[in-house]
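Right, one structure below, let's go through it.
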């Protein structure tokens, strides 16, 4: 049975954290940015801080070391929902959008989707824009992992929380026997890469404000920007190249990053099958797109075509969703090509969305084996990953995920078209949300303002579904989850 007391006590921590974040940005607005926006953060921040402290004090005797798998699944799902609802409070106050739209914006930030309902970003308060950027950075490695990192009391049972939240089919590699230490290692690597990204952007000509803000959303593969034109605002292929590097780093397993840093052996990247295939796919797809753009005279030089091709392939496959140019003017086939890249996704254990390359590899090998069996019925072909056999349970889990990802995309697309949206716009909006990608095409090419309230709620749910990779959320809808 789910322990309701455990769940409520656990949820007080992300509530406390959201209160601290909002109070911090209230102080930044008041003392650093001086943009007369402090009240929008102080009012909800003080309320959240007070409520969370009341819950903590009222339930201080709760034993959080006894966390069941069901508690972890429920906590992971409710954390994203709760933080999305609470994070929306300053957004509604500052922008005067409806609360439904504010929740959509907040969930989009925290899940690192990057889909937005806002326009006129260049004229908005700097403290508010940085708040959006920080929400994406915070959500990049996951709020649940943050809770485990800062709460030593969760060291026992903490791995259940990490495994419930962390994307990818392979989640049992622990960098440390202590779970809190594992989470700290992830955040240490995350912070190092973010700092390097901010410094690189600043050296390339961004202001310190823009460099920090965009480093938050590059490494988290979130894609929010402080400008309506996204990275296209800077009109710099050097900045595109820097973003390419750090989007790729954000889309590679942070466990692998740590092992490389710890051993000083960069060749581990190439020795890892998932990372190797991921980098080869990015290179091949970008070259194909670059040649196609050049053959259609989309830009004057092949170098420019190649630069945009690499930028957009990496932006979509890592589920970042940065913009650099008006791709609505590109040949029509490129849109479906980029949507396909978004479904491929990044590596397991990274900040990227999509299906994850490890699942793509296993799926390809399963299909290849089935074809081989048809041609050679009496042969035995062992399916291997990293030179080790892949067991039947893992294969079944991967195929179930891929089937459900395709089926749910079509079902949510169907529901969205019933609100009056055309099929192409609905399909790309759903693809953007379930893959935590951000940009769509058609009606949602620039923003999601045209989506109805029902459609907005549907897409908000799709973002959480995609961020937690379906099954964590779906388990809650089975009666057996609550019964036994």
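The values are calculated or read from the model by the stated rules, or taken from the named source; none is laboratory data. Worth saying up front: this structure is predicted, and the values here are computed from it rather than measured. Because the Cβ atoms are built from the backbone with ideal geometry, glycine has one as well, and the counts that use them run over all protein chains shown.
Which one of these is touching a residue at least 60 places away in the same chain (Cβ under 8 Å), more than 13 Å from residue 341 (Cβ to Cβ) and either crowded, with 22+ Cβ neighbours inside 10 Å or over 20 Å from the mean Cα position of the chain (by Cα) (or both): 303, 324, 290? 324 is the lone residue from the list that is touching a residue at least 60 places away in the same chain (Cβ under 8 Å), more than 13 Å from residue 341 (Cβ to Cβ) and either crowded, with 22+ Cβ neighbours inside 10 Å or over 20 Å from the mean Cα position of the chain (by Cα) (or both). On inspection, residue 82 fails the criterion of being at pLDDT below 90 and either under 30 Å from residue 478 (Cβ atoms) or crowded, with 21+ Cβ neighbours inside 10 Å (or both). Just give me the residues in segment 381-403 being part of a strand (DSSP E or B) and either closer than 26 Å to residue 435 by Cα or in contact (Cβ under 8 Å) with a residue 24 or more places away in the chain (or both), in sequence order. Once the filter is applied, which keeps residues that are part of a strand (DSSP E or B) and either closer than 26 Å to residue 435 by Cα or in contact (Cβ under 8 Å) with a residue 24 or more places away in the chain (or both), segment 381-403 yields only 385. Which one is surrounded by the fewest Cβ atoms within 10 Å (Cβ to Cβ), of the residues in segment 204-242 that are farther than 20 Å from residue 116 by Cβ and in contact (Cβ under 8 Å) with a residue 40 or more places away in the chain? Applying the filter and picking the extreme gives 241. Taking residue 37, is it buried (at least 21 other Cβ atoms within 10 Å of the Cβ), farther than 27 Å from residue 457 by Cα and touching a residue at least 40 places away in the same chain (Cβ under 8 Å)? Considered against the rule, which asks whether it is buried (at least 21 other Cβ atoms within 10 Å of the Cβ), farther than 27 Å from residue 457 by Cα and touching a residue at least 40 places away in the same chain (Cβ under 8 Å), residue 37 comes out as yes.
Scanning segment 435-448 for residues that are in contact (Cβ under 8 Å) with a residue 60 or more places away in the chain and in contact with a helix residue (DSSP H, G or I) (Cβ under 8 Å, 6 or more places away or on another chain) gives 435, 436, 437, 438, 439, 440, 441, 444, 445, 448. Please indicate, with yes or no, whether at least one residue in segment 416-425 is under 21 Å from residue 319 (Cα atoms) and part of a helix (DSSP H, G or I). Yes, there is a match, as at least one residue in segment 416-425 is under 21 Å from residue 319 (Cα atoms) and part of a helix (DSSP H, G or I). Close contacts from segment 455-473, counting a first residue that is on the phi > 0 side of the Ramachandran plot and a second that is not in a helix (DSSP H, G or I), with Cβ to Cβ under 8 Å and a gap of 6+ residues or different chains, come to 469/167; 469/168.
If I filter segment 320-331 for residues that are part of a helix (DSSP H, G or I), out of contact with any helix residue (DSSP H, G or I) (no Cβ under 6 Å at 6 or more places or on another chain) and more than 15 Å from residue 232 (Cα to Cα), do I get at least one hit? No, because not a single residue in segment 320-331 is part of a helix (DSSP H, G or I), out of contact with any helix residue (DSSP H, G or I) (no Cβ under 6 Å at 6 or more places or on another chain) and more than 15 Å from residue 232 (Cα to Cα).
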